[in-house]
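Trainee: Starting off with a structure, shown below.
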Amino acid sequence: MKVFIDNAKWSEERLIRKVAVYAAQYLNQPNNVEINVTIVTPEEIQQLNSKQRNVDSVTDVLSFPTIDAERKPIDVAKYPADVNPSTGNLMLGDIIICRVRAQQQAEEYGHSVKRELAFLTLHGLLHLLGYDHMTQEDEQQMTQLQCKILDNLKITRSK
């Protein structure tokens, strides 16, 4: 997986890339896929949330999938129109993370900003891969995956 990252600190870039690449491998995704991750201000994410979802509030993470993924390894050949001509990779979509909100939530939940940023990256990626939390069963599946992947990376809730 190729991960393009905008507006992140060097340490954030390393973490985001590590989480996304590991999660894609864990979920048996092909190597020739890519995502964009952008770190934004509260004002920017509120504006996006309002425009795209009609929810006029600051949120922690937004995902904008390019394809309708189905919670299984993606067949890149099914999506020729969504292949980035510059890289030859299938564009899965964009993940937008609000750094300030991540910092606030880390404090609220009593864990590190690193853990929160890793969680938000993973959460956003899972949405791009077709996972959601609209039903209790779906939420449980997504939560279990998030815990397993972060545990495997040794990114725990402890400070």
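Trainee: So residue 81 passes all but one of these: (1) in contact (Cβ under 8 Å) with a residue 24 or more places away in the chain; (2) over 27 Å from residue 156 (Cα atoms); (3) exposed (fewer than 15 other Cβ atoms within 10 Å of the Cβ); (4) of a type outside the set (Lys, Arg). Which condition number does it fail?
Mentor: (1)
Trainee: Quick one: residue 106 ticks every box in (1) without any contact (Cβ under 8 Å) to a residue 60 or more places away in the chain; (2) open to solvent by 50 Å² or more (accessible area, probe 1.4 Å); (3) assigned to a helix (DSSP H, G or I) except a single one, so which number is it?
Mentor: (2)
Trainee: Exactly one condition in (1) surrounded by fewer than 18 Cβ atoms within 10 Å (Cβ to Cβ); (2) free of Cβ contacts under 8 Å to residues at least 60 places away in the same chain; (3) within 16 Å of the chain's Cα centre (by Cα); (4) not in a loop (DSSP other than H, G, I, E, B) is not met by residue 18; state its number.
Mentor: Failed condition: (2).
Trainee: Further, regarding this structure: Quick one: is residue 5 open to solvent by less than 20 Å² (accessible area, probe 1.4 Å) and either in contact with a strand residue (DSSP E or B) (Cβ under 9 Å, 6 or more places away or on another chain) or closer than 20 Å to residue 102 by Cβ (or both)?
Mentor: It is false that residue 5 is open to solvent by less than 20 Å² (accessible area, probe 1.4 Å) and either in contact with a strand residue (DSSP E or B) (Cβ under 9 Å, 6 or more places away or on another chain) or closer than 20 Å to residue 102 by Cβ (or both).
Trainee: Tally up the residues in segment 111-148 that are open to solvent by less than 40 Å² (accessible area, probe 1.4 Å) and not in a helix (DSSP H, G or I), please.
Mentor: Counting residues in segment 111-148 that are open to solvent by less than 40 Å² (accessible area, probe 1.4 Å) and not in a helix (DSSP H, G or I) gives 5.
Trainee: Considering only segment 41-54, state which residues are open to solvent by 20 Å² or more (accessible area, probe 1.4 Å) and either in contact (Cβ under 8 Å) with a residue 24 or more places away in the chain or not basic (Lys, Arg) (or both).
Mentor: Answer for segment 41-54, where residues must be open to solvent by 20 Å² or more (accessible area, probe 1.4 Å) and either in contact (Cβ under 8 Å) with a residue 24 or more places away in the chain or not basic (Lys, Arg) (or both): 41, 42, 43, 44, 46, 47, 48, 50, 52, 54.
Trainee: A further question on this structure: Could you tell me which numbered condition residue 95 fails, if it satisfies all but one of (1) modelled with pLDDT under 95; (2) in contact with a His (Cβ under 9 Å, 6 or more places away or on another chain); (3) among the aliphatic types (A, V, I, L, M)?
Mentor: (1) is the only condition that residue 95 fails.
Trainee: Going residue by residue through segment 58-75, is there one that turns out to be in a helix (DSSP H, G or I) and either modelled with pLDDT under 95 or buried (at least 19 other Cβ atoms within 10 Å of the Cβ) (or both)?
Mentor: No, the conditions are met nowhere in segment 58-75.
Trainee: List the pairs whose first member sits in segment 128-140 and is free of Cβ contacts under 8 Å to residues at least 40 places away in the same chain and closer than 18 Å to residue 97 by Cβ, whose second member is open to solvent by 90 Å² or more (accessible area, probe 1.4 Å) and assigned to a helix (DSSP H, G or I), and whose Cβ atoms are under 8 Å apart, counting only residues at least 6 apart or on separate chains?
Mentor: Short answer, once both residue conditions are applied: 133/139.
The values are calculated or read from the model by the stated rules, or taken from the named source; none is laboratory data. Treat the numbers as computed from the prediction; the structure is a model and nothing was measured. Methodologically, a virtual Cβ is constructed for each residue, glycine included, from the backbone with ideal geometry; neighbour enumeration extends over all protein chains shown. Each accessible area value is taken on the protein alone, full model and side chains, heavy atoms only, with ligands, DNA and RNA left out. Shrake-Rupley method; radii C 1.70, N 1.55, O 1.52, S 1.80 Å.
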